[in-house]
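The values are calculated or read from the model by the stated rules, or taken from the named source; none is laboratory data. Computed from a prediction, not measured in an experiment: that's the story for all the values here. As a convention, Cβ positions derive from the backbone with ideal geometry for all residues, glycine included, and neighbour counts pool all protein chains shown. Please note that ligands, DNA and RNA were not included when accessible areas were found on the heavy atoms of the full protein model with its side chains. Shrake-Rupley method; radii C 1.70, N 1.55, O 1.52, S 1.80 Å.
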Amino acid sequence: MFAVPAPLDSRGGGGGFPTGAKGWGPMTTADERTPGAAEMPACARTFVTRVTARNRLPLDYSTASLRVVDFLIDGLRKGGADQERARSALFALGAYVGEVLVRRAGATWVDFDAEQRAYFGQPVGVRMPDGRVWNPLGRVHNRFRAGDPEDSLQTFYLTLHGRARRVRRAAA
């Protein structure tokens, strides 16, 4: 079973993100595990439901919504969160970014093999229609670490190689 979102709070996350083991990220106890590829759409959906319940954020899985993700990551940084305290929020944001790639670029979620896990530092990613593999969870962590507007997730999508053109899926 994957992490069940905790009530929204701003401990270390700023912007009303949950933090800690009951947030939206990988769990840490022996009976809990990191979500696999099949569970990532549900992680993204849960994140959107929780965040939009109290905020009117346009998280509609559009490419434009990736700019909102950039804004949310900037808010985490400005709120003083370090990487560990923001871990669950960053995981949720990565799930959302990956789901945008699935819905808009024709990607599919994949579980990384041991070599890919070692390379990407994440358990899951997305495979594009042309076979390329991308790491949306890692991209979100990199954006948080660097804090550089040039690492924009919206720009990442717009310059992404291997995406299908005009892929449309109905919103869940």
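Quick look at the values:
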| read-out | value |
| --- | --- |
| Unique residue being in contact with a helix residue (DSSP H, G or I) (Cβ under 7 Å, 6 or more places away or on another chain), under 19 Å from residue 86 (Cα atoms) and either part of a loop (DSSP other than H, G, I, E, B) or at pLDDT 90 or above (or both) when the list is 137, 101, 160 | 137 |
| Residues (open to solvent by 10 Å² or more (accessible area, probe 1.4 Å) and of a type outside the set (A, V, I, L, M)) located in segment 85-102 | 85, 87 |
| Residues that are in a helix (DSSP H, G or I) and either in contact (Cβ under 8 Å) with a residue 24 or more places away in the chain or buried (at least 16 other Cβ atoms within 10 Å of the Cβ) (or both), drawn from segment 56-75 | 65, 66, 67, 68, 69, 70, 72, 73, 74, 75 |
| Flag if residue 82 is among the acidic types (Asp, Glu), in contact (Cβ under 8 Å) with a residue 40 or more places away in the chain and open to solvent by 50 Å² or more (accessible area, probe 1.4 Å) | yes |
| Selection status of residue 160, within 14 Å of the chain's Cα centre (by Cα) and either acidic (Asp, Glu) or surrounded by 14 or more Cβ atoms within 10 Å (Cβ to Cβ) (or both) | no |
| Meets criteria (assigned to a loop (DSSP other than H, G, I, E, B), among the small types (Gly, Ala, Ser) and either open to solvent by 10 Å² or more (accessible area, probe 1.4 Å) or at pLDDT 90 or above (or both)) for residue 53 | no |
